[in-house]
1. Does segment 101-117 hold any residues that are within 16 Å of the ligand (Cβ to nearest atom) and either surrounded by fewer than 24 Cβ atoms within 10 Å (Cβ to Cβ) or free of Cβ contacts under 8 Å to residues at least 12 places away in the same chain (or both), and which are they?
2. State the number of residues belonging to segment 130-160 that are more than 16 Å from the ligand (Cβ to nearest atom) and open to solvent by 10 Å² or more (accessible area, probe 1.4 Å).
3. Could you grab me the full set of residues in segment 76-100 that are under 24 Å from ARG180 (Cβ atoms) and either open to solvent by 60 Å² or more (accessible area, probe 1.4 Å) or of a type in the set (S, T, N, Q) (or both)?
4. Scan ALA24, ALA44, ALA18, ALA33 and give me the residue that is open to solvent by less than 40 Å² (accessible area, probe 1.4 Å) and farther than 16 Å from CYS70 by Cβ.
5. Is it true that some residue in segment 162-174 is open to solvent by less than 40 Å² (accessible area, probe 1.4 Å), out of contact with any Asp or Glu (no Cβ under 6 Å at 6 or more places or on another chain), modelled with pLDDT of 95 or more and at negative phi?
6. Count, please, the residues in segment 47-75 that happen to be open to solvent by 60 Å² or more (accessible area, probe 1.4 Å) and closer than 17 Å to GLY116 by Cα.
7. Give all pairs with beta carbons closer than 7 Å in which a residue from segment 1-12 that is open to solvent by less than 10 Å² (accessible area, probe 1.4 Å) meets a residue that is assigned to a loop (DSSP other than H, G, I, E, B) and within 13 Å of the ligand (Cβ to nearest atom); count only pairs at least 6 apart in sequence or on separate chains.
8. Find the strands (runs of 3 or more DSSP E) located wholly in segment 141-249 whose residues include 1 or more that are within 20 Å of the chain's Cα centre (by Cα) and charged (D, E, K, R), and list them.
Amino acid sequence: MIILLSNDDGIQSEGLMALETCLAKLGEIYTVAPDRAQSSMSHALTLHRPLRVHELSPHRMSVDGTPVDCVKLALTGLLPVKPDLVVSGVNKGPNLGDDIIYSGTVSAAIEGALLGIPAIAVSLVTFENFDFGAAADFTATLIERMQQPGIPTGTLLNVNVPHLPKEQLKGWKLTRMGKRHYSENIVERIDPRGGKYYWIGGDDLGFAHDDGTDCVAVHEGFVSVTPLQVDLTDHKLLHEARLRHFPWP
Ligand code: MN
């Protein structure tokens, strides 16, 4: 098995290195990751300047671009082989509910799915004292188990791992996207020349306690695995008859 690894925290992140070490037993690993932190880049693609690739070893490359740049380059010519799987992470911080929309970690996996390769995004639910052991170990097990029956083309798995020692995790659950609550405060300041500038704020105000969601599973001490699809169509609304008979012109 050939695995492409990437992330949004940059090639020097310990989370990425934990996956490189742990997944090596499953096959051949190629790492193509941003040369610096690129969190919250979502699906940004660099089109208006050249991208430079720095080859650290034949299996390890950094790119001066976004997570999606890295996966796209890797899958469309940079690598000498076609990977069987794309894995993004382990992210330093959760990607639960709404986070998924902004996440560079998840978008790297989405790019794999868009290009027809099964993909997994993995995030560790903490912002300090990172121990990636359980997250990397669970990812290796998940990869082994998902060989049969495999995941459909265009689907990816979004994994969030509570920051607990492996023995204290309660297990894992298949979940759906939940809803996180953030304060929407923007911080306004004045620069030394008298001009205004802003910081986008957003304190964590918890989450909606809806059954079956990623937020609830992690809160209860389970690893959360959410199957995501690239098709954003609202299929329920699409099939509502009242919207389908709209005389125009
Ligand atoms: Mn990140």
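The values are calculated or read from the model by the stated rules, or taken from the named source; none is laboratory data. This structure is a prediction, so every number in the text was calculated from the model and none was measured. Quick reminder, even Gly has a Cβ in these numbers, built from the backbone with ideal geometry, and neighbours come from all protein chains shown. Surface areas here come from the heavy atoms of the whole protein model, side chains and all, with no ligands, DNA or RNA. Shrake-Rupley method; radii C 1.70, N 1.55, O 1.52, S 1.80 Å.
1. ILE101, TYR102
2. Residues flagged as more than 16 Å from the ligand (Cβ to nearest atom) and open to solvent by 10 Å² or more (accessible area, probe 1.4 Å) within segment 130-160 amount to 20.
3. Listed by number, the residues that qualify are SER88, ASN91, LYS92, ASN95.
4. ALA18
5. Yes, segment 162-174 contains a residue that is open to solvent by less than 40 Å² (accessible area, probe 1.4 Å), out of contact with any Asp or Glu (no Cβ under 6 Å at 6 or more places or on another chain), modelled with pLDDT of 95 or more and at negative phi.
6. Counting residues in segment 47-75 that are open to solvent by 60 Å² or more (accessible area, probe 1.4 Å) and closer than 17 Å to GLY116 by Cα gives 1.
7. Within 7 Å, the pairs are ASN7/SER13; ASP8/GLN38; ASP8/SER39; ASP8/MET41; GLY10/ARG36; GLY10/ALA37; GLY10/GLN38.
8. Those strands (runs of 3 or more DSSP E) span 171-174, 180-182, 204-207.
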